[in-house]
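Here is the structure we will look at, set down as structure tokens.
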Amino acid sequence: MADRWYITQQTFPELLNRNVLKYGTRRAQWWKTGDTTQSINYAELGFIVKQLTAGLMSLGIQKGDCVAIASHTAPQWIWADYSILCAGGITVCIYPTLSAKEISFIINDSGSKILYVQDEEILQKALSIADEMPTLQKCIIMKDDYKGSDSRVLTLPQVRELGIKLLSKDKLAYERRWRSVDILDPMTIVYTSGTTGRQKGVVHTHFSINAACCRDLRIVPEYREDDIMLSFLPLAHTYERECGHGTAMMAAVTIAYSSPMTLIEDLKVFKPTVFMSVPRIYERVFMAMRDMASKSPVTKKIFEFAIKTGLQLTEARSDENGFVNMSEGINFTEDVSKWLAFKYKLADKIIFSKVRETLGGRFRFAFSAAGSLSADLCKVFMAMGVRIYEGYGATETCNTINLNLPHKVLPGYVGPVCNGVEGRIASDGEWQVRGNNIFTHYWNNPEATNETFTEDGFYKTGDIVQMGADGYIKIVDRIKGIMVLDTGKNVPSAKIESLFSVSRYVDIVFPIADDKPYVGALVVPKYDVFIELFKKEGIPYDQSKLVFFEEGATRTCVAVGDDFIQNELLRKLVDEDIQQANKELEEYERIKKYVIVNRKFSELNGEMTPTLKVKRNAVLKNFEKEIQELYKK
């Protein structure tokens, strides 16, 4: 801990200024531009932010004003964010995939005066509802080559030019403004994803987010000067912005940029050492490896041998409570039998070392949050020597409340309460927490603020938990995720959903049970898997009904025709996966009837959050007809 020089308390403008002064020659940001890459150091980042900040000031932004950002994760997101913060403003986060109606709500609720947008598509969405957003004065498109004549729209170079003009008249304007920011000032408003209702604006201060960064940096392995943090989750969410960018900025290391769709190819380009992720990404990585190995009987046998051997080693290394030491530099075969050590070294040479190479070859550790990582999948990655530290938190807590300790990982659990945070289990099983990292209030919503805190200041997470060995917590489900059958039996939806995390043929199972006589489900098959299978088996279907989503080199099927899902082989294989999962459930929890749907849940239809969580109310509404079929007498 004595070497962790970067654990300090300051505002985020102070943090940027420190990095510019002390670590100006270090690479700050690194991203792809076509077939090549581009990067800037911390001194160059400081120049960009200074000019943009002065530009915002010349546009009339005062201390305490709200300015919004609607953009996918990109280096420009940080330029915009720090320009707002250094101007003394409050950054309002908007997921770029939100509908025009949702964007309008956030702009109006926050009173944002300026909106940064990533591209023409988001710009046009914003301009189409400009008349409905009376506080919004300008849009800034984060593209240098944008051509347009709308007086309401500026480009980044134009804003920087405004800043240069202001600084030529008053060269200390920027210095005075960023130095006026107090650590207790509001820093950001992050709107909850609205999985169960109206979006709420979570207000965090420089103090609470700094406390969150310091909390994480005390627990995780020490950052090194040559570390590269790969960013691909939404910066509009606190997870990537604080756990990823926040801690990377504190340690003054490189931040590289990717997306979930181009992740595999970008791992080879940037060779990261650290990244934040969600369980869905790890599931996809494992399934891709498994599917690749299944292309021949020989490679399938080798893969199965490697996984079995790795799991045996993980089991042998576990203590009586199931804890596994995953510290860096530890010898995995030190205290196991010679025969098991020999088998593991063989499996490592044939399979596991190649997996680590796929991750870029420099991988140190990663995190998993925003959903439960299955215990079995955690053990599989442990077996491969891939360190994943699962944690738990919320937007309101600025993320990590619980985190597995590097030397003491317990698969299936999210770890003990973090140093500097208090936690307790209420009488109904709800996890309640208190600490400096907790948000101050919901913007313009005192009723919701009062409802979410106890009288003695604990934040009510809304999650039901169980306590394990040494204070390690296991998430059972959201309170609102507990479904109640008409018999009064409680059915945790998360328990059912988790059984399909690495299913061969099922992508998503959406269980339904509230006020019903039995558990039903909507089932989304893995369309891409069946396309390959149908091709191999020569099974015809209407290919004109296929709909694909493409990003980078990745092409994913998102919708199929009715004849596709009615195929006898598809229905047989899907049913086998469901019946296998049913064996792990109590009788009343088992899926009795299900409907196979012909499209994936999507953000566009309001059914998924940007962090890949299903919006339950939206799915229930959009698939009302299919759900009615489940309960026809």
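Here are 567, 605, 582: which of them is among the polar types (S, T, N, Q) and surrounded by 18 or more Cβ atoms within 10 Å (Cβ to Cβ)? Give the steps one after another, and end with the answer.
Numbers: 605 fails: surrounded by 18 or more Cβ atoms within 10 Å (Cβ to Cβ); 582 fails: surrounded by 18 or more Cβ atoms within 10 Å (Cβ to Cβ).
Exactly one residue qualifies, and that residue is 567.
Would you confirm, using the coordinates I've provided, whether residue 325 is surrounded by fewer than 14 Cβ atoms within 10 Å (Cβ to Cβ) and in contact (Cβ under 8 Å) with a residue 40 or more places away in the chain?
For residue 325, the condition - surrounded by fewer than 14 Cβ atoms within 10 Å (Cβ to Cβ) and in contact (Cβ under 8 Å) with a residue 40 or more places away in the chain - is not met.
Going by the conditions given, is residue 547 within 19 Å of residue 601 (Cα to Cα) and in contact with a Phe, Trp or Tyr (Cβ under 6 Å, 6 or more places away or on another chain)? Talk me through it step by step, then tell me what you get.
Numbers: within 19 Å of residue 601 (Cα to Cα): yes; in contact with a Phe, Trp or Tyr (Cβ under 6 Å, 6 or more places away or on another chain): no.
No: the conditions fail for residue 547.
Does residue 314 satisfy the condition of being over 23 Å from residue 262 (Cα atoms), assigned by TED's automatic domain parsing to the domain that holds residue 384 and part of a helix (DSSP H, G or I)?
Details: over 23 Å from residue 262 (Cα atoms): yes; assigned by TED's automatic domain parsing to the domain that holds residue 384: yes; part of a helix (DSSP H, G or I): yes.
Against the criterion (over 23 Å from residue 262 (Cα atoms), assigned by TED's automatic domain parsing to the domain that holds residue 384 and part of a helix (DSSP H, G or I)), residue 314 qualifies.
Determine which member of the set 169, 138, 113 is surrounded by fewer than 23 Cβ atoms within 10 Å (Cβ to Cβ), touching a Lys or Arg at 6+ places or on another chain (Cβ under 7 Å) and at pLDDT 95 or above. Walk me through it before giving the result.
Values: 169 fails: touching a Lys or Arg at 6+ places or on another chain (Cβ under 7 Å); 113 fails: touching a Lys or Arg at 6+ places or on another chain (Cβ under 7 Å).
The conditions single out 138.
Which condition number in (1) buried (at least 20 other Cβ atoms within 10 Å of the Cβ); (2) within 23 Å of residue 617 (Cβ to Cβ) is the one that residue 495 fails?
All conditions pass for residue 495, except number (1).
Could you tell me which numbered condition residue 372 fails, if it satisfies all but one of (1) touching a residue at least 60 places away in the same chain (Cβ under 8 Å); (2) more than 14 Å from the chain's Cα centre (by Cα); (3) under 19 Å from residue 280 (Cα atoms)?
Result: residue 372 passes all but (2).
Quick check on segment 337-358: of everything there that is buried (at least 17 other Cβ atoms within 10 Å of the Cβ) and hydrophobic (A, V, I, L, M, F, W, C), which residue is nearest to the chain's Cα centre (by Cα)? Give the derivation first.
Step one: list which residues in segment 337-358 are buried (at least 17 other Cβ atoms within 10 Å of the Cβ), which gives 341, 343-344, 347-348, 351-352, 355.
Remaining after also requiring hydrophobic (A, V, I, L, M, F, W, C): 341, 347, 351-352, 355.
Working: 341: 36, 347: 31, 351: 28, 352: 25, 355: 22 Å.
Among them, the one singled out is 355.
In this structure, does residue 97 turn out to be at pLDDT below 95 and either under 21 Å from residue 233 (Cα atoms) or surrounded by fewer than 24 Cβ atoms within 10 Å (Cβ to Cβ) (or both)?
On the way: at pLDDT below 95: yes; either under 21 Å from residue 233 (Cα atoms) or surrounded by fewer than 24 Cβ atoms within 10 Å (Cβ to Cβ) (or both): yes.
Spelling it out, residue 97 is indeed at pLDDT below 95 and either under 21 Å from residue 233 (Cα atoms) or surrounded by fewer than 24 Cβ atoms within 10 Å (Cβ to Cβ) (or both).
Kindly indicate the residue of segment 53-86 that is touching a strand residue (DSSP E or B) at 6+ places or on another chain (Cβ under 8 Å) and part of a loop (DSSP other than H, G, I, E, B) and also surrounded by the fewest Cβ atoms within 10 Å (Cβ to Cβ) among those meeting that condition.
This residue is 64.
Is segment 125-143 home to any residue that is without any contact (Cβ under 8 Å) to a residue 24 or more places away in the chain and in a loop (DSSP other than H, G, I, E, B)? Quick ask: steps written out before the conclusion?
Of the residues in segment 125-143, the ones without any contact (Cβ under 8 Å) to a residue 24 or more places away in the chain are 130-131.
Okay, now just the ones that are also in a loop (DSSP other than H, G, I, E, B), so none.
Within segment 125-143, none of the residues are without any contact (Cβ under 8 Å) to a residue 24 or more places away in the chain and in a loop (DSSP other than H, G, I, E, B).
In segment 409-427, what count of residues is obtained for those that are farther than 22 Å from residue 246 by Cα, surrounded by fewer than 18 Cβ atoms within 10 Å (Cβ to Cβ) and touching a residue at least 40 places away in the same chain (Cβ under 8 Å)?
Adding up the residues that qualify gives 1.
Is at least one residue of segment 36-51 closer than 18 Å to residue 142 by Cα, at pLDDT 95 or above, hydrophobic (A, V, I, L, M, F, W, C) and in contact with a His (Cβ under 8 Å, 6 or more places away or on another chain)?
No, there is no match, as no residue in segment 36-51 is closer than 18 Å to residue 142 by Cα, at pLDDT 95 or above, hydrophobic (A, V, I, L, M, F, W, C) and in contact with a His (Cβ under 8 Å, 6 or more places away or on another chain).
Can you tell me which condition residue 108 does not meet? The list is (1) closer than 23 Å to residue 131 by Cα; (2) in a helix (DSSP H, G or I); (3) of a type in the set (S, T, N, Q); (4) under 22 Å from the mean Cα position of the chain (by Cα), and all the others hold.
Only one criterion is unmet by residue 108, namely (4).
Going by the conditions given, is residue 293 of a type outside the set (S, T, N, Q), surrounded by 15 or more Cβ atoms within 10 Å (Cβ to Cβ), farther than 15 Å from residue 379 by Cβ and modelled with pLDDT of 95 or more?
no
Residue pairs, Cβ under 6 Å, 6 or more apart or interchain, first in segment 588-610 and basic (Lys, Arg), second in a loop (DSSP other than H, G, I, E, B). List them.
Qualifying pairs under 6 Å: 592/518.
The values are calculated or read from the model by the stated rules, or taken from the named source; none is laboratory data. Since this is a predicted model, take the numbers as computed values, not measurements. Backbone-built Cβ (ideal geometry, glycine too); neighbour counts: all protein chains shown.
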